[in-house]
Amino acid sequence: MLSIQNLHASVAGTEILKGLNLEVKPGEVHAIMGRNGSGKSTLANVIAGRSDYEVTEGDIRLNDKSLLDLAPDARAGEGIFLGFQYPVEIPGVKTSYFLKAAVNALRKYRGQEPLDAFDFMEILKEKTELLELDESLRSRSLNEGFSGGEKKRNEIFQMAVLEPKLCILDETDSGLDIDALKLVANGVNSLRDGVRSMIVITHYQRLLDYIVPDVVHVLQDGRIVKTGGPELALELEKHGYDWVDGGAA
Amino acid sequence: MSATHLELAVKDGGESCKSKGLRAGCEQQPRPLAAWLAVLDTEGEPKWLANARRNASTAFAQVGLPTRKNEEWRYSEPRIRGLESASFNVTTTAAIPAGINLTDLGIPMLGGRTMVFVDGDFVPSLSSPLADGVQLLPLAGALADDSLQARLSLTGGQETGFDLLNTALFKDGVLVDVPKNVDVSEVFHLIFVNRIPGMATHPRVLVRLGANSRLHLIESRVCTADESLSNSVTQLQVGPGATLHHVATLEGSAGNSRQLEHIAVSVAADGRFRSNLTVIGSSESESEGPSALVRVDLDVDLVGEGAECTLEGLYLGAANDHIDCHTRIDHRVPCCTSRQLYKGILAGKAKAVFNGKVLVHVDAQHSQAQQSNKNLLLSEGALVNTKPQLEIWADDVQCAHGATVGRLDEDALFYMQSRGLPKTEARKLLRVAFANEICSGVRSNPMRAHLEEVLASWLSRVDASLAVTP
Ligand SMILES: Nc1ncnc2c1ncn2[C@@H]1O[C@H](COP(=O)(O)OP(=O)(O)O)[C@@H](O)[C@H]1O
Ligand SMILES: [Mg+2]
């Protein structure tokens with residue numbers, strides 16, 4: 001599904017990712033853990049194609065097609081979805097209007113007919129229930145005035161509507177109470193279908209109790225320094241990131 | 001209004017010469033503005049009006065048009081320089097061609113009551129005046145009433161040369177009188193179209209709402225006449241406990257035209273005034289020559305305790321447009337509230353000015369004033385001068401103001417793109433969202449729909465011109 005080879009990326013002239021390798025197979029869920037500032041969000045943004053990050057070396061391939069020359073919307077068309085660590089508030093753009101535009105833009109990219117209003121509303125309704133979102137959120141401006149938890153749930157809601165091939169969730173757990181966390185995990189798990197892949201970025205092990213990963217990586221200073229199974233997350237929780245420093249040194 | 005009413009009748013060429021004061025116009029000699037004052041012919045007009053015109057003319061001879069030295073006019077000045085000596089026609093004998101309709105000029109049909117003026121002349125066939133308790137009349141026919149004298153004077157005695165010109169030379173306009181305790185259910189729609197090149201018009205609008213009345217007043221002003229001047233003065237008096245919702249749209253798409261409107265409002269105790277203003281320049285990217293100046297001065301006097309005003313404005317400038325939006329709010333007595341939000345989108349080499357002044361006078365304790373101006377620049381060459389000003393002489397007040405000038409939020413663009421929207425579409429959505437905040441305040445559904453349409457088509461024209469410019 002996703003293959004990242006020797007990825008170097010910098011922002012404003014500073015190299016942040018320093019030779020990162022990652023292979024994610026179809027249907028797998030990978031967790032990426034690491035300290036604040038280790039480069040997790042940078043990795044997510046680089047995959048999604050944010051233009052202020054410059055890839056200086058290496059490649060990112062989705063199903064054997066390089067993404068590097070594609071604009072963010074084309075990457076979305078190829079099946080990438082990024083759930084933002086800090087979802088942006090967009091006053092004046094209604095969530096439902098935006099999502100419909102997004103769904104149809106993706107369909108157009110894939111050479112499909114646009115969805116009619118009725119089918120679209122059906123999907124919205126179903127996914128709203130899945131995430132136990134308040135109906136009114138859809139008619140409000142995108143993320144405007146949403147609480148932290150509402151914003152994160154709204155990200156997963158959008159992901160559920162857009163049905164991507166590769167989901168990248170950047171600290172979706174931060175700022176969630178335990179009930180919201182369960183809802184989010186439930187939404188994510190419902191999208192695990194053995195084909196769709198996921199990269200779950202988190203600082204804490206807690207989320208991984210609910211979204212059980214196949215593989216856990218530790219990111220440090222722009223590189224993956226340790227890879228293991230779900231038990232790696234538990235060890236990190238017990239010993240802290242210093243434990244990896246010792247192990248990697 | 002039926003579709004046939006949209007057709008402008010072929011007019012008898014002599015008709016417009018019947019108007020008083022300006023019979024000299026029948027000679028059809030273009031003259032400089034000052035010369036028009038010199039030939040002022042007030043014969044047959046009521047004495048009070050003849051006096052008022054002569055006084056204005058004398059005052060104009062002293063103050064002239066605003067100059068660079070006048071801070072409020074600094075940025076407009078290059079577009080009005082030498083205007084006194086530019087020649088204009090002030091009446092026309094040109095027939096209005098049949099088959100032209102208002103819809104083609106981009107004027108929405110809103111139902112309700114309509115008053116239409118073309119090149120300064122009242123067009124009865126398109127208008128639906130009222131004279132039954134509530135009055136909606138052509139001003140020219142109502143001037144025998146000398147109580148209008150008081151309503152003609154602008155408060156503060158700070159009339160500019162343009163105000164004086166208007167008083168001296170106005171030919172017609174609209175008189176609205178709503179007695180107390182009347183909730184006017186019909187929308188009043190005033191339409192001013194300027195089509196003939198080289199014309200100067202000075203429409204005057206006088207509106208008075210009695211205590212506890214309500215009115216929804218919409219103005220559409222469209223100028224397609226090159227080298228023309230439209231110099232309007234609109235006076236709105238909101239009585240105690242009354243509510244006036246005023247929606248005004250000015251479009252100045254003609255080359256080297258000047259479209260000016262001074263809106264002077266007074267709001268009595270517990271009265272409410274709500275203004276939605278949309279100012280649109282040209283947006284023809286090709287026009288490199290001198291292009292339109294559109295300027296609106298909106299002055300609101302809060303003169304009774306508990307008076308409130310909400311001013312929302314949107315200005316859209318492209319190409320070589322110059323748009324000036326000035327507001328001035330006087331909190332003269334305690335416990336008044338003012339809110340202000342003006343937004344601008346500028347492309348090409350357009351220039352805009354937002355100059356918003358809020359004055360809280362010394363006795364005006366417990367005033368609340370909020371003022372905000374936000375601008376979006378779409379190109380390197382676009383420019384905005386924003387000057388929000390608070391002048392506070394009372395000590396117990398809540399006031400806040402701010403201004404921003406920026407480009408589209410890159411984070412928002414990336415967010416939308418990452419969900420699949422192409423960048424052009426994401427941009428468009430963000431721009432529409434930016435401006436719609438103002439349109440959404442318009443309560444007349446057809447007018448709001450019209451504004452949203454105007455906005456969308458302006459944005460796509462601008463988008464197209466941005467795409468061709470490297
Ligand atoms: N846009 C940016 N401009 C400058 N520095 C940045 C930018 N984005 C990230 N960085 C820097 O890159 C490093 C990694 O940041 P980030 O990827 O956000 O880490 P994480 O998500 O793991 O906390 C940090 O040192 C951060 O300051
Ligand atoms: Mg991060």
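A few comments on the model shown:
- Chain lengthening between residue A:74 and residue A:107 when straightened (0.36 nm per residue, less Cα-Cα): 10.7 nm
- The range B:190-280 shape via C-alpha gyration tensor axes, a/c threshold 1.5: prolate
- Modelled spin-label separation between residue B:440 and residue B:365, with each label point placed 7 Å from Cα along the Cα-to-Cβ direction: 3.8 nm.
- Proximity of backbone amide H atoms, modeled 1.01 Å from N, is registered between residue A:19 and A:7, A:8, A:9 at under 5 Å, excluding neighbours fewer than 5 places apart on the same chain.
- Entry note, the range A:2-248: relative contact order of 28 percent, from Cα contacts under 8 Å with a spacing of 6+ residues.
- Seen from residue B:210, the other residues with C-beta closer than 12 Å to its C-beta sum to a net charge of +1, counting Lys and Arg as +1 and Asp and Glu as -1.
- Within the range B:308-387, chymotrypsin sites (Phe, Trp or Tyr not before Pro) in DSSP loop having at most 16 other beta-carbon neighbours inside 10 Å: none
- Span from the the range A:1-42 Cα centroid across to the the range B:136-169 one, whole angstrom: 72
- Shape call, the range A:102-249: gyration tensor on alpha carbons, a/c limit 1.5: prolate
- Annotation: the residues B:275, A:51, A:139, sorted from fewest to most other C-beta atoms within 10 Å of their own C-beta, follow the order A:139, A:51, B:275.
- With Cα atoms defining each centre, the range A:122-168 and the range B:40-71 are spaced 64 Å apart in the structure.
- Cβ-derived FRET efficiency at R0 22 Å, residue A:18 paired with residue A:241, nearest 0.05: 0.80
- Backbone N atoms of the range B:320-337 closer than 20 Å to the 7 Å Cα→Cβ label point of residue B:305 belong to residues B:330-337.
- All Cα pairs of the range B:18-407, percent lying beyond 39 Å: 12
- Here the range B:18-407 carries DSSP beta bridges of which approximately 5% are antiparallel, counting only pairs with both residues inside.
- Overall form of the protein assembly as shown per C-alpha gyration tensor (a/c, 1.5; a/b vs b/c): prolate
- Extension gain, residue B:149 to residue B:452, is 105.1 nm, computed as 0.36 nm per intervening residue step minus the present C-alpha separation.
- Beta bridges from DSSP with both residues in the protein assembly as shown: antiparallel share about 20 percent, rounded to the nearest 5.
- For the residues of A:84-94, the average number of beta carbons from a partner chain within 10 Å of their own beta carbon is 5.
- Taking 0.36 nm per residue of sequence separation and removing the Cα-Cα distance, the residue B:424/residue B:101 pair yields an extension gain of 112.8 nm.
- Of all lysines in the structure, the ones whose alpha carbon falls short of 20 Å from that of residue A:65, not counting any fewer than 8 places away in one chain, are A:25, A:108, A:165.
- Cα centroid separation - the range A:189-207 against the range B:183-248, whole Å: 61
- Cβ-Cβ FRET estimate between residue B:70 and residue B:226, R0 fixed at 30 Å, reported to 0.05: 0.65
- In straight-distance terms, cross-link reach from residue A:127 covers every one of the aspartates and glutamates whose alpha-carbon lies under 12 Å from its own, apart from those fewer than eight places away in the same chain; here that gives A:135, A:155, A:163.
The numbers here are math on the coordinates, done by the rules we state, and not lab data. All values derive from a computational prediction rather than experimental measurement. All Cβ positions, glycine included, derive from the backbone under ideal geometry; neighbour counts span all protein chains shown.
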